[in-house]
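Below is one structure; the comments refer to it alone.
The values are calculated or read from the model by the stated rules, or taken from the named source; none is laboratory data. Computed from a prediction, not measured in an experiment: that's the story for all the values here. Note that each Cβ is placed from the backbone with ideal geometry, even for glycine, and that neighbours are counted across all protein chains shown.
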Amino acid sequence: MPSALVVRGLSKRYGPVEALKGIDLEVGEGELVGLLGPNGAGKSTLVKIAVGLVRPSAGRAEVAGRRAGSRSARAALGYLAELFRFPGWYTADEVLDLHQRLAGSQGGPAERRRLLELVSLVDAADRRVEGMSKGMQQRLGIAQALVGKPSVLLLDEPTSALDPVGRRIVRALLEELREQGTSVLLNSHLLSEVELVCDRVAILRRGELVAHGAPAELSRPRGVELETDEGTRRIEGATREDAPRLVAEAVASGRRVYGVRVLSSTLEDVYLEAVGADTA
């Protein structure tokens, strides 16, 4: 089976500006990959090339084994842009009906109801877009990206307008889609969300891939914190394997041990180290 999304040596130049500089990236079947980076890092350019809205200057991009931008590649894709707009006078059901016709989906009313249920909007099927909150519109946007059962989803900031409950709904939906074999490339600034749901992350900086791997692989140990009757102290350089020995030594020396915690860097730490000062 071909990978869901493959880019090899992908470059894009806008006049003197190099938006992408030879990016290699792959999203496997049923994999959820987070795309991170500061503004201007090249994330949106990469996504637009995958969708077929922008042509690369060099390299290639394939969706489900087909050239990005081709009719067959677009048929395999579901896409939610960061700044999307639906007609305010349309109801939620009408929005999905429109996108069914655009995508050539034969799912009919049953598909529309299923998608609205997935994003917890089934009770708002007849509500007009102009009467919805931003969070509801965001979830409707995710529903339209799923019209036609695409095998690959490209989501640009899908949780940006959501409250904590809405973000939890989307996280559960992404996990369900992964279990069904749907592949997702998630472009987001919410590092905590990415860390919770993504199998791998790719961090871009100035058009280059500067870090790539599972969140746990990218993290580094930061010592062990030991809480005893003398207080809490951090043992720098210690790892998970050192924890039992440290506890045993503390007990042997007459200390009461109340807790031990292995410290490691978070995805936020990894991100800040990777992008340096380019955080605007």
Working only within the stretch 262-272, note down all residues that are in contact with a Ser or Thr (Cβ under 9 Å, 6 or more places away or on another chain) and either part of a loop (DSSP other than H, G, I, E, B) or free of Cβ contacts under 8 Å to residues at least 60 places away in the same chain (or both). VAL262, SER264, SER265, THR266, ASP269, LEU272
Residues of the stretch 25-56 being within 18 Å of CYS198 (Cβ to Cβ), touching a Lys or Arg at 6+ places or on another chain (Cβ under 9 Å) and of a type in the set (D, E, K, R), in sequence order, are GLU26, GLU31
Being assigned by TED's automatic domain parsing to the domain that holds GLY9 and in contact (Cβ under 8 Å) with a residue 24 or more places away in the chain narrows it down to one of GLY135, GLY131, so name that one. GLY135
Restricting attention to the stretch 221-249, the residues that are in contact with an Asp or Glu (Cβ under 9 Å, 6 or more places away or on another chain), at pLDDT 90 or above and of a type in the set (A, V, I, L, M) number exactly 0
For the stretch 115-226, list the strands (runs of 3 or more DSSP E) that sit wholly inside it and hold at least 2 residues that are of a type in the set (Gly, Ala, Ser); which are they? 208-213
